[in-house]
Every structure is written in structure tokens, then in C-alpha cells.
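To start, the structure itself, in C-alpha cells.
The values are calculated or read from the model by the stated rules, or taken from the named source; none is laboratory data. This one's a predicted model, so the numbers in the text were calculated from it and none came from an experiment. Using ideal geometry, Cβ is built from the backbone for each residue, glycine included, and neighbour counts are taken over all protein chains shown. Note: accessible area is taken over every heavy atom of the protein model, side chains too, but ligands, DNA and RNA are not part of it. Shrake-Rupley method; radii C 1.70, N 1.55, O 1.52, S 1.80 Å.
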Amino acid sequence: MDLTDLRAIPWVFAWSQTRMNLPGWFGLGSGLAAITDAGDAEVLRRAYRDWPLFTVLLDNAEMSLAKTDRLIGARYLALGGRDDLTERVLAEYDLTRLLVLAVTGHDRLLADKQVLSRAVALRDPYVDALSYLQLRALAALRGPIPDEERARLERLLLLTVNGVAAGLQNTG
């Protein structure tokens, strides 16, 4: 296995690796804001309480937000050199997090899911370390390096991809 094998990784897997979990929440904040800005915030709270499909939608988004690491995600986004995109993604994350908490009535993400909350808190330091190693490898691989160093960094990158996926317990 080498880096050329990674070309088939789905888009969702890539966003999971960056610790943003973007497909699980991006755009939801803007949609919720459109309703709250129209003065219908109470409609959303009632829908969360009374409509099982909406409840599941927000609970899944909340789980995805809890698995998102904003700081690490921002570092991955910075690798792309698109400050406008980075700003847009992070602003949507902040908005979505704020409104999901407001609609669910939770004071923190996963407040009503103690087991999952604890599992995320326990695994994060380990996955964070792998993410930072992955970021360093990606940054180094973008520059001129000797072949033997490139091979070592590619191996490190592949190991961190596997480790992050295992640590997150999902691949998208």
C-alpha cells in the first residue's frame, strides 16, 4: 500500500480525517438560523421535542459536532491556502454548534449521552496526537525532501490515516 492507493478514499472519509466531520453538520446552522432569524426559534424546540425524525437529525449532527476538533480542523484547512474557505467552514461550525445547543437545550455537546461523551473525551488525546503527526507529515511531503525521507513520511502518513480512522471509530 502507498499514497497512490488513497485516491479512492471517499470525500466523507477525507473530512473525517481532517477532524471536521463536515458532511454531518455543514449547512445545518445556516438552515436553523433562517428559521430563528424569522422569529420561529420555539418552532425548532417543539420540533426537536415532538418530531422523531428532526430529533434524530439534530442528535446525529450533535454527535458529529462533538467529534469535530475545530483547532485541528483549522490547521488542516490552512494547508489548502484558502483563507476564505477556512473562514466559511469555521463560521458555519460555530453557528451550527450554537444553534444545535440552543434548539436541544443542552449546555454542552452530548450532554444527554454520557457514555458517548466520555468515550470521545477519552479517545481525543490519542487521536489528537495522530492528527498532529499527520499534519506534520502532510506539510513536509509538500516540500522538497530526499527520497528516503519521503518514504518514511509516506509510511507515517498511512499509519496516521489508519490510526485516526480507528480512533474515531468511523470512516464516513
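Here are a few things to note about the model shown:
- With respect to (1) surrounded by 18 or more Cβ atoms within 10 Å (Cβ to Cβ); (2) outside any helix (DSSP H, G or I), the lone exception for Pro144 is condition (1).
- Conditions (1) part of a helix (DSSP H, G or I); (2) open to solvent by 40 Å² or more (accessible area, probe 1.4 Å); (3) under 30 Å from Val43 (Cα atoms); (4) not polar (S, T, N, Q); number of the one not met by Arg118: (3)
- Verdict on Arg108 being part of a helix (DSSP H, G or I), charged (D, E, K, R) and either surrounded by 14 or more Cβ atoms within 10 Å (Cβ to Cβ) or free of Cβ contacts under 8 Å to residues at least 12 places away in the same chain (or both): no
- For the range 74-109, filtering for residues that are under 30 Å from Glu42 (Cα atoms), among the small types (Gly, Ala, Ser) and touching a Leu at 6+ places or on another chain (Cβ under 9 Å) leaves 1.
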